[in-house]
Structure formats: C-alpha cells, structure tokens
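To start, the structure under review is shown below, and the notes come after it.
The values are calculated or read from the model by the stated rules, or taken from the named source; none is laboratory data. Since we're looking at a predicted model, the values are computed, not measured. When we count neighbours, we look across all protein chains shown, and the Cβ atoms used for this are built from the backbone with ideal geometry, even at glycine.
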Amino acid sequence: MRSAVVLGGKTGLLGQALSMAMTRRGWTVHAPGRSDLDLFDRPAVEDYLARTGADTLFNTVAYTKVDQAEDEPSEAARLNRQLPLVLGQASRNAGVRLVHYSTDFVFNGKKTTPYTTEDQPDPRSVYGSTKLQGERELLALGLTGLIIIRTSWLFGPCKINFVTRILELAATRAELSVVHDQVGSPSYTPDLAANSLALVDAGATGLYHLANSGQASWCELAAEAVRGADLPCRVKPITSAQYPQKAVRPAYSVLDLSKFAATTGITPRPWLQALREFLFSREDCLS
Ligand SMILES: NC(=O)c1ccc[n+]([C@@H]2O[C@H](COP(=O)([O-])OP(=O)(O)OC[C@H]3O[C@@H](n4cnc5c(N)ncnc54)[C@H](OP(=O)(O)O)[C@@H]3O)[C@@H](O)[C@H]2O)c1
C-alpha cells in the first residue's frame with residue numbers, strides 16, 4: 001500500500017483535496033497539523049517521514065495571503081523560501097519524493113500567450129518573489145525525486161476561496177463588481193490533486209504548470225459561478241485600478257499545460273466544466 005505525507009492536508013484548500021484523492025485511491029495519508037509536527041525542525045520531519053514509511057511528501061503549506069505578505073515579508077519568506085529548503089533536505093535524507101507547489105504569481109503578467117515552464121519569472125509581489133525563491137532553493141538541491149507544480153486561481157471544497165466567497169456575496173447582493181483586466185487559469189482542487197498524482201505515477205521530475213484548461217478573468221469566473229448557482233445577482237466588470245489591492249497581481253498569468261499533457265497523456269478538463277461539477281456536487285470534507 002502506498003503512503004504519503006501531505007503538509008497542509010488537514011486544513012489547506014489544496015491539501016485537503018490531495019488527502020481525499022489519495023485516500024480514495026487506497027493510499028495511507030498522514031496529514032500532520034501545526035501542533036503535530038514542527039515543519040522547521042528538519043530531524044523531526046525526517047523522523048516523521050521514517051515513522052510513517054511515506055514514499056512521497058506533498059508540501060502545500062505556504063504563506064498564501066498575497067496582500068498581507070507585502071507587510072510581512074519575513075514571515076512570507078520563512079514559509080515560502082526557508083520551509084521548502086528544509087523539506088527538500090529532509091526528503092533527500094529520508095529518501096522520499098517531494099512534490100511542492102508554486103504559483104503563477106512568479107510571472108510579471110506582460111505576456112499575452114500562456115506561460116511555459118521555460119518563460120523567465122519576474123515576480124511583482126512579496127508573495128510571488130518568496131515563492132520563486134522557494135522553487136530555486138529546491139532546484140539548487142539537485143534532488144532526484146522532485147516535482148514543482150506551479151498552479152493558479154484555486155477553487156474547490158472544504159475551505160473558503162474566491163468562488164465560495166463570490167457565492168456568499170451574491171446571495172445577499174443585487175450587484176457585484178469584479179476585476180476583468182486580470183486573466184488567468186482557474187484550477188479546481190480535486191482536478192489538481194488527481195492530476196498531481198498522475199504526474200507522480202508517470203515518474204515525472206522537475207517543473208510543471210498545472211491548472212484546468214482554458215482561461216478567464218476574475219469577472220468571468222465570478223459570473224459563471226453566480227449563473228451556475230442560479231443567483232439573481234448582476235456581476236459587473238471593473239478594472240484593477242477601480243479595486244486597489246496592496247500587492248501587484250499579473251494582468252495575464254495563463255499557464256501553458258503542454259508539458260503536463262505530454263508527460264501524462266492527460267488534458268485537464270476546462271475550468272467551466274469543473275466549476276459546474278463543483279456547484280452541483282459539493283464534496284464531503286475531512287473535518
Ligand atoms: N490558493 C490559490 O489560489 C493558489 C494559487 C496559486 C498557487 N497556490 C499555491 O498552492 C499551494 C496550496 O495553496 P492553498 O491555497 O491550498 O493554501 P492554504 O489553503 O492557504 O493552506 C495553507 C496550509 O498551510 C498551513 N500553514 C500555514 N502556515 C503554517 C505554519 N506556520 N505552520 C504549519 N502550517 C502552516 C495552513 O494551516 P492552518 O490551517 O493551520 O493555518 C494550511 O493548511 C501553496 O503553495 C500556494 O502557494 C495557491
């Protein structure tokens with residue numbers, strides 16, 4: 001029986017989807033929470049990996065509050081740069097594969113065609129910079145069993161996210177204004193989890209981009225969610241300038257999935273199809 005450790009698997013948006021996907025496939029999943037394991041204590045992590053007999057360590061733990069990161073760069077760097085380094089060293093010493101997640105926010109958003117893994121990153125936020133530093137720390141270790149998955153715009157069950165927030169707001173308002181000049185690749189966490197496992201099963205190593213197929217603006221994603229949920233709320237497009245945020249986001253961060261497709265033979269389904277499934281079949285959650 002296969003066994004994995006999923007950091008963030010107890011409470012994280014993606015982590016819970018990964019835990020559920022693996023449990024359903026018969027894997028034994030260990031998902032230590034904050035009080036169960038000090039992730040910065042490398043010997044403790046190595047001991048945990050040895051005790052669980054895990055062959056794969058999934059790291060979904062990160063500092064993900066994009067705007068707050070601008071005010072807390074040290075804490076963002078601790079989780080997004082230092083932690084991957086500790087986990088990389090621990091997985092090498094314990095002889096386990098490491099699957100680590102990164103973000104489309106490593107790009108500056110100036111392209112107008114999907115970003116490939118060959119494109120030069122140029123982050124414009126503390127979050128994006130610290131996530132890129134984490135990638136680089138890991139790649140510099142030269143691990144044999146490392147997969148880094150850049151993903152984007154997560155939505156799914158078990159934790160609040162953009163789509164669930166929009167649905168909450170739309171239930172009480174006649175109109176919502178949502179940014180239409182940022183375009184990206186929405187990712188449904190159960191699909192991302194299943195496709196991550198496909199990469200592991202294919203024996204992949206290195207850097208991958210993974211999301212659902214297609215692209216959307218935040219406004220388009222919100223409008224489709226509201227329409228799919230049959231809520232009588234108008235979704236109005238606005239510009240980023242009309243909705244100032246502390247951190248700069250890329251105007252365009254659609255991810256090119258061709259490397260993933262070539263490695264696994266899988267084309268991720270379109271985000272709209274995944275969104276409809278999410279709206280009509282709310283999944284059970286772990287807690
Ligand atoms: N969300 C997105 O739209 C998005 C987009 C692109 C890339 N990503 C990347 O995808 C990955 C997963 O993101 P996510 O949205 O699923 O993250 P998330 O929901 O914010 O979950 C983060 C997890 O990290 C844990 N955590 C945070 N600080 C910790 C600490 N100091 N010690 C131990 N655990 C800690 C949290 O535990 P607690 O519940 O105890 O706080 C939670 O389980 C991340 O690498 C992120 O950068 C996300």
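Examine segment 79-97 for a residue that is out of contact with any Gly (no Cβ under 6 Å at 6 or more places or on another chain) and farther than 15 Å from ARG42 by Cα, and state whether such a residue exists. No. In the set (1) of a type in the set (D, E, K, R); (2) surrounded by 15 or more Cβ atoms within 10 Å (Cβ to Cβ); (3) within 21 Å of the chain's Cα centre (by Cα), the condition left unmet by ARG42 is number (3). If only residues of segment 161-203 that are without any contact (Cβ under 8 Å) to a residue 60 or more places away in the chain and among the polar types (S, T, N, Q) are counted, the one that is surrounded by the most Cβ atoms within 10 Å (Cβ to Cβ) is THR164.
When you look at PRO32, is it of a type outside the set (Lys, Arg), near the ligand (Cβ under 10 Å from one of its atoms) and within 22 Å of LEU85 (Cα to Cα), yes or no? Answer is yes for this residue. Evaluating LEU221 against the criteria (1) away from the ligand (no atom under 12 Å from the Cβ); (2) hydrophobic (A, V, I, L, M, F, W, C); (3) under 16 Å from LEU275 (Cα atoms) leaves one unmet condition, (1). In the set TYR101, TYR115, TYR48, only one residue is crowded, with 20+ Cβ neighbours inside 10 Å and within 11 Å of the ligand (Cβ to nearest atom); that residue is TYR101.
A Cβ distance below 9 Å, combined with a sequence gap of six or more or placement on separate chains, defines the contacts here; from segment 127-149, residues that are free of Cβ contacts under 8 Å to residues at least 40 places away in the same chain and surrounded by fewer than 23 Cβ atoms within 10 Å (Cβ to Cβ) reach residues that are of a type in the set (Val, Ile, Thr) and not in a helix (DSSP H, G or I) in the pairs LEU132/THR103. Are any residues in segment 68-92 farther than 16 Å from GLY15 by Cβ and within 13 Å of the ligand (Cβ to nearest atom), and if so, which ones? Scanning segment 68-92 gives GLN68, ALA69, GLU72, SER74, GLU75, ALA76, ALA77, ARG78, ARG81, GLN82, VAL86. Give the residues of segment 8-45 that are touching a residue at least 40 places away in the same chain (Cβ under 8 Å), over 18 Å from ALA94 (Cβ atoms), among the small types (Gly, Ala, Ser) and out of contact with any Cys (no Cβ under 8 Å at 6 or more places or on another chain), sorted by residue number. Matches in segment 8-45: GLY8, GLY12, GLY15, SER19, ALA21. Taken over segment 54-67, the criterion of being near the ligand (Cβ under 8 Å from one of its atoms) and either of a type in the set (Ser, Thr, Tyr) or modelled with pLDDT under 95 (or both) is satisfied by THR60, TYR63, THR64.
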